[in-house]
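Reviewing the structure listed below.
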Amino acid sequence: MCATSPAGEHRYRIGDLCQEFDVTARTVRHYESCGILRPERRGQQRVFDEGDRVRLRLALRGRRLGFSLAEVREMLDLYDQEGGEVAQLERTLAYGRQRIADLEERRREVEEALAELAAWQHLLTRRLQEARGSEAEGQDRAAKGATKHGRA
């Protein structure tokens, strides 16, 4: 469970963050190694503050939206710089616009592929019906021929 420091700040263990955000300890450690999280060390134990918690929440959202970890780290780090909120918002908007454009392009590609697959399915279905019809006709002819020759 999270603890409160003498200064009244919330402190979190790695397990607290894992449970809250439904991620593994490996994920949290990876985000730390990428520079997204910056916990204090108390011996072998990592102690995360509220800023780390917020950064993890934003990083997970960024990843879910398709941003790279480098982009996420850059956007989060901009906030920490003097006057960084404006720079962070501008960069985030720019990355967001690019991500929307990328997704729109992928959507067009998926729609084209779906249309092509639907046309292909239609063609194959028609050919299958024709093939079944030809096969049935052949069987009918064979059956009629056998009846004529007294083999039925």
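Laboratory data are not the source of any read-out in this text; all were calculated from the coordinates shown. Keep in mind that this is a model prediction, so the values were computed, not measured. Cβ atoms come from the backbone with ideal geometry, glycine included; neighbour counts cover every protein chain shown.
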Completion exercise
P(r) of the chain over all Cα-Cα pairs, 10 Å bins starting at 0, rounded to whole percent, reads 9, 23, 18, 12, 9, 8, 7, 7, 5, 2, 0
Exercise for the section: Determine the dipole magnitude for region 1-66: charges of +1 sit on the beta-carbon of Lys and Arg, -1 on that of Asp and Glu, nothing else is charged, the reference point is the Cα centre, and the result goes in debye to the nearest 20. Expected result: 260
Problem - Two-site label geometry, D22 and E116: point separation in nm, points 7 Å out along Cα→Cβ - result: 3.6
Practice task
For region 1-66, just the Cα set please: Rg and Dmax, both in angstrom.
Solution key: 11.5, 38
Exercise for the section: Report the relative contact order of the chain, percent, no decimals, based on alpha-carbon pairs under 8 angstrom and at least 6 residues apart. Expected result: 12
Exercise for the section: With runs of 4+ DSSP H residues as the only contributors, calculate the mean residue ellipticity of the chain at 222 nm using -39,500 (n - 2.57) per run, divided by the residue total and rounded to the nearest 500. Expected result: -25000 deg cm²/dmol
Handout entry: E82 versus E137: modelled label distance in nm, points set 7 Å from Cα along the beta carbon direction
Key = 8.7
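Return an integer: the convex hull volume of the alpha-carbon atoms of region 63-152, in Å³ per residue.
Working: hull volume 8.6 nm³, N = 90.
Per residue, the Cα convex hull of region 63-152 comes to 96 Å³.
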Practice task
Taking H placed 1.01 Å from N in the peptide plane, check which residues at least 5 places from H10 or on another chain put their amide H under 5 Å from its amide H.
Solution key: S5, E50
Fill in the blank from the handout: Output ordering of 116-125, 30-39 (per-residue mean of other Cβ within 10 Å, highest first) is 30-39, 116-125
